[in-house]
1. Taking the stated definitions as given, is Pro115 touching a Leu at 6+ places or on another chain (Cβ under 6 Å) and either crowded, with 19+ Cβ neighbours inside 10 Å or modelled with pLDDT of 90 or more (or both)?
2. Testing Cys283 on (1) closer than 19 Å to Leu481 by Cα; (2) modelled with pLDDT under 70, one condition comes back false. Which one is that?
3. In segment 137-154, which residues are at pLDDT below 85, touching a helix residue (DSSP H, G or I) at 6+ places or on another chain (Cβ under 9 Å) and surrounded by fewer than 17 Cβ atoms within 10 Å (Cβ to Cβ)?
4. For residues that are among the aliphatic types (A, V, I, L, M) and without any contact (Cβ under 8 Å) to a residue 12 or more places away in the chain, tally how many sit in segment 191-218.
5. On the basis of being at pLDDT 90 or above, within 25 Å of Ser46 (Cβ to Cβ) and crowded, with 17+ Cβ neighbours inside 10 Å, does Trp197 make the cut?
6. Could you please tell me which pairs satisfy a Cβ distance under 7 Å, a separation of 6+ or placement on different chains, a first residue in segment 311-340 that is within 12 Å of His269 (Cβ to Cβ) and in contact (Cβ under 8 Å) with a residue 40 or more places away in the chain, and a second residue that is among the β-branched types (Val, Ile, Thr) and in a loop (DSSP other than H, G, I, E, B)?
7. Residues Leu428, Leu418, Leu440, Leu466: which one is modelled with pLDDT of 95 or more, closer than 21 Å to Pro391 by Cβ and of a type outside the set (Phe, Trp, Tyr)?
Amino acid sequence: MKHRRSERGIALIICLFALMLLSGIGVGMMYMADTETSINRNYRDSQQAYFASAAGLQEVRQRLMTGSPNPLTFVPTRLPNHNDAASVVYVRNWGNGVAKSNITPWDMSDPAKYPDTEFCHENFTNAGTLLVANTSPCAAVPTGTYYTNVDSNMPGTLGTGANVPYRWVRVTLKANNTSAPYYVTSSAAANNIPICWDGFNQAPKPAGYATCDDDPPPGPKYLKSVYVLTSLAVIPNSNARRMVQMEVANDPPFITNAALDTDDLVNVHGSSVTVNGFDNCKCSCVPGSGSHPPSCTDRVTHAACTGNTYAIYSSHTVEDSGNPALVAGTNPAVAENQQFPYDVLGLIDKYSHRPGAVNVTGAPYNQHCTPQTPPAFPDCGTLNSSLGTVPAPFPPTNPNNPVGAVNQITYVPGSVRLESHTTGAGVLVVDGDLTIHGGLEFYGLIIVRGVLTFSGSGNGQDVNVLGAIITGQSSIADDTLGGGINIQFDRCALLHNVTPAPPSLLSTHELSY
């Protein structure tokens, strides 16, 4: 009994110890939950800032589109310069407690006004020298008036509590040294040369071009300027901050080397075949008769008409028989065994994914493409429909102003046969072989992955294709032109053969400033 009395109170001590242990565990769990909540909140705010920054980039990208319904009221026309207001544009976006006057990216004196702490790393030129070249946030910006302000037009949210919290987007032209130490030319030579986009690659502005956007260009290619867009977003209250950068460029018109460009051997036979490399868009032409090409009275003297466009441009040989009419301003009219300059698969991918492109497996064509044993392409059957609307009359009386043309990008995911006087305008993309029989009127560009076969019942007088055709290489058969085909090169048909689309996204990445 005496020993047992000495153990009185031990249960209370154990209970208190257990209570303290459970309290510690509870406090720890509450702390962990609070930490987890804070981490989730910070992640959420960070993600919101990232997508808000991306939204700003997409707004400006859409406003840079050729034919945009809400174009920027000002676009940079020269590379960044410390004393040139035409060299940098800031698109400012305010609301949700942030006043327009409190968004001053060009002012480093007040961190609360969203200063541009990244600009010095874009190799901004100040009297021909680099302003800053380091990896730290910018501590200063150039003196002088080097920018112009433009208001955001974020639909329904500008200046309201629902404002998407990107604060500004900076727009500049890209130079060779913009991404130093990475250069478009693979070297630091000619740092301050503007960078142009040819629809597939970036390259420094060629000699003779005043800008990348010369129209018409002095050289063989149409080009477009590459823009660098930099966006800053800051979430109210949490101050979560993300900066994203994007390079974009409008696609230039795609002008071919010839009326027919091919990466295959070509068989041309019959006096009723006409392939005309003279530019119908520039020549003053009178329609020909029979197998004779149109008569253009100013071919010899009109440089734009004679130009450097071939009738046929081939990476293989062009075998002709039966005295076909292959004419052009070049001498000779046909270029054989040349290096083929086009990526046909790239062209097919590009145009088939353009906004508004119509796949013939859907409405209104509802074609069924039957798989074939490779290397044969799927068989998409026969089409005799309207693939866009040709000008009226066809060919147009005024090539520079065709009346009634409605362009369409038509994508055929396999081989197809066009019959019974098919018509169309815009871009026809055939991801297989193309056979034409029974007449065709097409205004624009035709891209064929495989073999082109024209066996139609034409007479060589009526124009079948006004624009250009590009075909890829096939190991199965050769391109065959017969049956009275008439292909007439026309720059106007190629210049206006697509509907407006946002500029191509060339690159995007996040910045740490």
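The values are calculated or read from the model by the stated rules, or taken from the named source; none is laboratory data. Remember, predicted model here, so these are calculated numbers, not experimental data. Every residue, glycine among them, receives a Cβ derived from its backbone with ideal geometry; neighbour counts consider all protein chains shown.
1. Numbers: touching a Leu at 6+ places or on another chain (Cβ under 6 Å): no; either crowded, with 19+ Cβ neighbours inside 10 Å or modelled with pLDDT of 90 or more (or both): yes.
No.
2. Condition (1) is where Cys283 drops out.
3. Pro137, Ala139, Ala140
4. Filtering segment 191-218 down to residues among the aliphatic types (A, V, I, L, M) leaves 193, 195, 203, 207, 210.
Still in the list and also without any contact (Cβ under 8 Å) to a residue 12 or more places away in the chain: 207, 210.
Residues meeting the conditions: 2.
5. Working: at pLDDT 90 or above: yes; within 25 Å of Ser46 (Cβ to Cβ): no; crowded, with 17+ Cβ neighbours inside 10 Å: yes.
When the stated conditions are applied, Trp197 does not pass them.
6. Close Cβ pairs satisfying both conditions: Pro324/Val273.
7. On the way: Leu418 fails: modelled with pLDDT of 95 or more; Leu440 fails: modelled with pLDDT of 95 or more; Leu466 fails: modelled with pLDDT of 95 or more.
After applying the criteria, what remains is Leu428.
Yes/no matrix, rows are residues, columns are (1) under 25 Å from the mean Cα position of the chain (by Cα); (2) not small (Gly, Ala, Ser):
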position	(1), (2)
Ala139	no, no
Tyr146	no, yes
Thr157	no, yes
Thr178	yes, yes
Val184	yes, yes
